[in-house]
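Trainee: Would you mind keeping the following structure in view while I ask a few things?
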Amino acid sequence: EYRQFHGRDYIMEEAITGDFALVKAHVADTDGNLIFRKTARNFNPDCARAGKICIAEVEKIVPAGSLDPDHIHLPGIYVHRLIQGPSYEKRIEKR
């Protein structure tokens, strides 16, 4: 399908949808609401929304209702599975 926007012709294509979206978050509650840290906020929420099934690996899982709603970056409606990682090593590269 061709469409014209502002005098230019464009080909319309269907969006790419993945079967699984794998994201890593800092904190999650048991309802699946996620909080990301630093640069993980750039792409992970969009990636989680694009997949049919979202699997989130988190550092810490807290009880539902303990996260401030204003700080939640991705609502639990998009998250289908939560996995708490076994251990995380915070490496700092020094040159």
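Trainee: Run the numbers on the chain and let me know its relative contact order in percent, using alpha-carbon pairs under 8 Å that are six or more apart. Let's see the in-between values first.
Mentor: Values: 159 pairs, mean separation 28.0, N = 95.
The normalised contact order for the chain reaches 29 percent.
Trainee: Could you state the accessible area per residue of the chain in Å², with a 1.4 Å probe and every protein chain left in place? Numbers along the way, then the final one.
Mentor: Values: 7610 Å² over 95 residues.
That works out to 80 Å² for each residue.
Trainee: Let me ask something additional. Order these peptides, 31-39, 63-71, 8-16, by their mean beta-carbon neighbour count within 10 angstrom, highest first. Present the calculation step by step, with values, prior to reporting the outcome.
Mentor: Details: 31-39: 17.4, 63-71: 9.7, 8-16: 7.0.
Descending packing order for the listed peptides: 31-39, 63-71, 8-16.
Trainee: Separate question: So if we plug the beta-carbon distance of L22 and D70 into 1/(1 + (r/R0)^6) with R0 = 30 Å, what FRET efficiency do we get, rounded to 0.05?
Mentor: On the way: r = 26 Å, r/R0 = 0.88.
After rounding to 0.05, the efficiency reads 0.70.
Trainee: While we're here: With each label point set 7 Å from Cα along the Cα-Cβ vector, what nm distance links A50 and E89?
Mentor: Going from the A50 label point to the E89 one covers 3.0 nm.
Trainee: So if we plug the beta-carbon distance of R37 and E13 into 1/(1 + (r/R0)^6) with R0 = 25 Å, what FRET efficiency do we get, rounded to 0.05? Each step should come with its number before you reach the end.
Mentor: Values: r = 34 Å, r/R0 = 1.36.
Efficiency, rounded to the nearest 0.05: 0.15.
Trainee: With unit charges on the beta carbon (Lys/Arg positive, Asp/Glu negative), name the residue among I72, S87, C54 whose Cα is farthest towards the positive pole of the charge dipole of the chain.
Mentor: Towards the positive end, the residue furthest out is S87.
Trainee: Once neighbouring chains are kept in place and the probe is 1.4 Å, which whole percent of the accessible area of segment 17-93 is contributed by carbon and sulfur?
Mentor: 52 percent
The values are calculated or read from the model by the stated rules, or taken from the named source; none is laboratory data. The structure displayed is predicted, hence computed values, not measured ones. With ideal geometry, Cβ positions are generated from the backbone for all residues, glycine too; neighbour counts draw on all protein chains shown. These area figures cover heavy atoms from the full protein model, side chains too; ligands, DNA and RNA do not enter into them. Shrake-Rupley method; radii C 1.70, N 1.55, O 1.52, S 1.80 Å.
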